[in-house]
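Asker: If you scroll down you'll find the structure; I have some questions about it.
The values are calculated or read from the model by the stated rules, or taken from the named source; none is laboratory data. Only a predicted model underlies this, so the values are computations on that prediction, with no experimental measurement involved. Cβ placement follows ideal geometry from the backbone for every residue including glycine, while neighbour counts extend to all protein chains displayed.
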Amino acid sequence: GAGVSQSPRYKVAKRGQDVALRCDPISGHVSLFWYQQALGQGPEFLTYFQNEAQLDKSGLPSDRFFAERPEGSVSTLKIQRTQQEDSAVYLCASSLLAQVEAFFGQGTRLTVV
Amino acid sequence: GIQVEQSPPDLILQEGANSTLRCNFSDSVNNLQWFHQNPWGQLINLFYIPSGTKQNGRLSATTVATERYSLLYISSSQTTDSGVYFCAVVGNAGNMLTFGGGTRLMVKP
């Protein structure tokens with residue numbers, strides 16, 4: 001497809017489980033971002049890639065969160081030992097270059113029970 | 001970091017009415033985008049507008065970068081316009097978007 005694709009759309013995890021969320025950006029987009037959106041709030045930045053390089057991970061809330069983009073295209077956000085406070089929508093965005101128009105995927109809604 | 005404030009936080013309109021949503025930001029920006037988040041959570045791009053004025057159908061937007069604000073105009077509102085409208089900016093210190101708290105719009109038939 002032409003847009004940013006995320007999978008799965010919904011994920012239910014038991015507390016303590018590890019989860020992996022996938023983002024397939026728009027082809028050719030150099031920049032890729034992950035955001036976390038809590039219920040009723042705006043998205044908040046987690047991490048930023050330029051090609052395969054993770055240039056900014058200042059928004060990751062703990063060392064349980066890890067992201068990678070090994071070949072500069074598809075990215076995976078991994079959350080280890082999930083906690084209830086990790087329940088949120090995780091959004092991926094891509095842009096042709098940094099600081100230009102960004103496009104978002106549909107998000108993955110994570111519920112930790 | 002840069003602060004983004006949106007007003008009003010909530011807005012209820014009758015179908016056919018016009019409205020203006022405001023976004024104030026605390027520092028100079030390299031990028032400003034307006035999004036509509038539909039009931040399914042998808043963020044839909046409305047405008048990429050770091051400065052100037054753009055129009056797209058019933059929607060238009062103006063950013064006055066020197067005065068650090070942007071306005072989104074919705075004319076002849078329709079029930080399908082309901083949802084949350086977000087303003088987001090990229091400041092000089094980084095490459096990520098910083099979002100405002102959103103304006104929750106409900107258009108009644």
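Every residue, every condition in (1) crowded, with 17+ Cβ neighbours inside 10 Å; (2) within 15 Å of B:T20 (Cβ to Cβ); (3) free of Cβ contacts under 8 Å to residues at least 60 places away in the same chain, yes or no:
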position	(1), (2), (3)
B:R58	no, yes, yes
B:T62	yes, yes, yes
B:S70	yes, yes, yes
B:V90	yes, no, no
B:A93	no, no, no
B:L97	yes, no, no
B:G102	yes, no, no
B:L105	yes, yes, no
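Asker: Report, by residue number, each residue of region A:91-113 that is away from every other protein chain (no Cβ under 11 Å) and buried (at least 21 other Cβ atoms within 10 Å of the Cβ).
Answerer: Listed by number, the residues that qualify are A:S94, A:L110.
Asker: Criterion first (small (G, A, S) and either more than 25 Å from A:V100 (Cβ to Cβ) or touching a Cys at 6+ places or on another chain (Cβ under 8 Å) (or both)) does A:A67 satisfy it?
Answerer: no
Asker: Among the numbered criteria (1) among the hydroxyl-bearing types (S, T, Y); (2) within 14 Å of chain A (Cβ to nearest Cβ); (3) in contact (Cβ under 8 Å) with a residue 24 or more places away in the chain, which single criterion is violated by B:S51?
Answerer: (3)
Asker: Next question. Among the residues of region A:10-25, are any in contact with a Pro (Cβ under 9 Å, 6 or more places away or on another chain), within 25 Å of B:W40 (Cα to Cα) and not hydroxyl-bearing (S, T, Y)?
Answerer: Checked region A:10-25: at least one residue is in contact with a Pro (Cβ under 9 Å, 6 or more places away or on another chain), within 25 Å of B:W40 (Cα to Cα) and not hydroxyl-bearing (S, T, Y).
Asker: Another question, if that's okay. Would you say A:S58 is farther than 19 Å from B:L43 by Cβ, assigned to a loop (DSSP other than H, G, I, E, B) and within 12 Å of chain B (Cβ to nearest Cβ)?
Answerer: Here the answer is yes, as A:S58 does meet what is asked.
Asker: Ok, one more. Residues to consider are B:Q42, B:Q55, B:Q6; find the one that is in contact with a Cys (Cβ under 7 Å, 6 or more places away or on another chain) and polar (S, T, N, Q).
Answerer: Just one listed residue meets the conditions, B:Q6.
Asker: Cβ-Cβ under 7 Å, sequence separation 6+ or interchain: first residue in region B:11-37 and at positive phi, partner surrounded by 15 or more Cβ atoms within 10 Å (Cβ to Cβ). Which pairs?
Answerer: B:G16/B:S77
Asker: Being at positive phi and either within 12 Å of chain A (Cβ to nearest Cβ) or surrounded by 13 or more Cβ atoms within 10 Å (Cβ to Cβ) (or both): is that true of B:G41 here?
Answerer: In short, yes.
Asker: If you scan region A:64-85, which residues turn out to be without any contact (Cβ under 8 Å) to a residue 60 or more places away in the chain and either of a type in the set (A, V, I, L, M, F, W, C) or in a helix (DSSP H, G or I) (or both)?
Answerer: Those that are without any contact (Cβ under 8 Å) to a residue 60 or more places away in the chain and either of a type in the set (A, V, I, L, M, F, W, C) or in a helix (DSSP H, G or I) (or both): A:F65, A:F66, A:A67, A:V74, A:L77, A:E85.
This table checks each residue for (1) under 27 Å from A:V89 (Cβ atoms); (2) within 11 Å of chain A (Cβ to nearest Cβ); (3) modelled with pLDDT of 95 or more; (4) under 12 Å from the mean Cα position of the chain (by Cα).
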position: B:S26; (1), (2), (3), (4): yes, no, yes, no
position: B:N45; (1), (2), (3), (4): yes, yes, yes, yes
position: B:G57; (1), (2), (3), (4): no, no, yes, no
position: B:Y69; (1), (2), (3), (4): no, no, yes, yes
position: B:N92; (1), (2), (3), (4): no, yes, no, no
position: B:G101; (1), (2), (3), (4): yes, yes, yes, yes
position: B:V107; (1), (2), (3), (4): yes, no, yes, no
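Asker: Out of region A:17-44, which residues are more than 16 Å from A:Q84 (Cα to Cα), in contact (Cβ under 8 Å) with a residue 24 or more places away in the chain, within 12 Å of chain B (Cβ to nearest Cβ) and in a strand (DSSP E or B)?
Answerer: Within region A:17-44, A:S31, A:L32, A:F33, A:W34, A:Y35 qualify.
Asker: What residue, among those in region A:86-113 that are outside any loop (DSSP other than H, G, I, E, B) and aliphatic (A, V, I, L, M), is farthest from the chain's Cα centre (by Cα)?
Answerer: A:V112
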